[in-house]
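Structure, as structure tokens:
The values are calculated or read from the model by the stated rules, or taken from the named source; none is laboratory data. The structure displayed is predicted, hence computed values, not measured ones. Ideal geometry is used to build each Cβ from the backbone, glycine not excepted, and the neighbour counts take in all protein chains shown. Only protein heavy atoms, including side chains, enter the accessible area calculation; ligands, DNA and RNA are left aside. Shrake-Rupley method; radii C 1.70, N 1.55, O 1.52, S 1.80 Å.
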Amino acid sequence: MNSKLNDKITKLIQQYNLNSLEVTQNPRELIIMLLSDIKNCSIANIKLDMVRIDDEDITALENMIDKIANDKLPPQYVTNKEYIYGNMFFVNEDVLIPRQDTETLIECAIDVIKEKQYKKMLDICTGSGVIGISVIKETKLDEVTLVDVSAEALKVARKNVELNGVSNRCNIIESNMFKSLYKLNTKYDIIVSNPPYLTKAEMNGISEFVEKEPSLALYGGKDGLDYYKIIFEEAKNFLNNGGTIAVEIGYLQAEEVLDIITGYTEYTDVHVVQDINNKNRVVMCRFQNK
């Protein structure tokens, strides 16, 4: 990177006090990422001076940094992009920003689908569609149904289905959890979900950046368990025998979610999967109709 651009980046970090921002541990890399978005090129091209950065680009960069530093808008909402499981997804303020933690759930779903040769998947609380889209791109699923209560979120999911070239294998349904699915009389081999799971206390402590994300996609009730209770109560009506449920959890919720599952004799092979940081992240079980 040339010294002029390097000096400009240093000044911007100081001007906007970017070292204090919780959304990045490396403000220099954040700025380079923003520049790569402005120039529609790779980060490597910025670092290797393979593209010309002019005054207009710097103005655009300053506007983006201002939104992050002063408006406390997450960088993903500024660029409208996030990369999960090697795929690019469009995101805006109508959907939760997908986290790397969710890749654990994606991998769990891919593994069991390949092992059991499953063909139909249901993604409840799909949001931007990250889980269902990532999984279907890596498997031989015939179809995945993406469900969310938010019509605005489903617009984002639809955009991502098209962006990732899987329109022919994805269904999109607006529904408050399972309610609109009963009339379809369809069974699935696997149900996945990253439901809202923050507790009331956790919602009271979220940062200014997380506050920009839709509370509908974050708040899981006073104890954070509302949606897990619905999933394990109603999933029985939508799973084929031998089907699987896989849900993402808050890393401290494993015991409470397991307690919910053990209330049903239909669920077996219950286990917890840890993420790359060795934190409990996914709960899985098998369904067998009694």
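Numbers below:
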{"read-out": "Cβ charges +1 (Lys, Arg) and -1 (Asp, Glu), total dipole of the range 43-109, debye", "value": "180"}
{"read-out": "Accessible-area order (highest first, 1.4 angstrom probe) of the listed residues Tyr227, Tyr219, Tyr182", "value": "Tyr182, Tyr219, Tyr227"}
{"read-out": "Solvent exposure, largest accessible area first (probe 1.4 Å, DNA, RNA and ligands not counted), of Asp189, Asp7", "value": "Asp7, Asp189"}
{"read-out": "Protection proxy ranking of 91-97, 276-282 - average other beta-carbon atoms within 10 Å, highest first", "value": "91-97, 276-282"}
{"read-out": "Angle between the chain longest axis and helix 151-163 axis [Cα atoms, degrees, rounded to 10]", "value": "80"}
{"read-out": "Between helix 3-15 and the chain: long-axis angle, C-alpha atoms, 0 to 90°, nearest 10", "value": "70"}
{"read-out": "Entry for log10 I(q)/I(0) by the Debye sum over Cα atoms at q = 0.08, 0.10, 0.12, 0.15 Å⁻¹ (calculated from the structure that is shown) out of [x] -0.42, -0.64, -0.89, -1.26; [y] -0.39, -0.58, -0.80, -1.13; [z] -0.60, -0.74, -0.84, -1.06", "value": "[y]"}
{"read-out": "In degrees, nearest ten, helix 102-116 long axis to first principal axis of the chain (Cα)", "value": "40"}
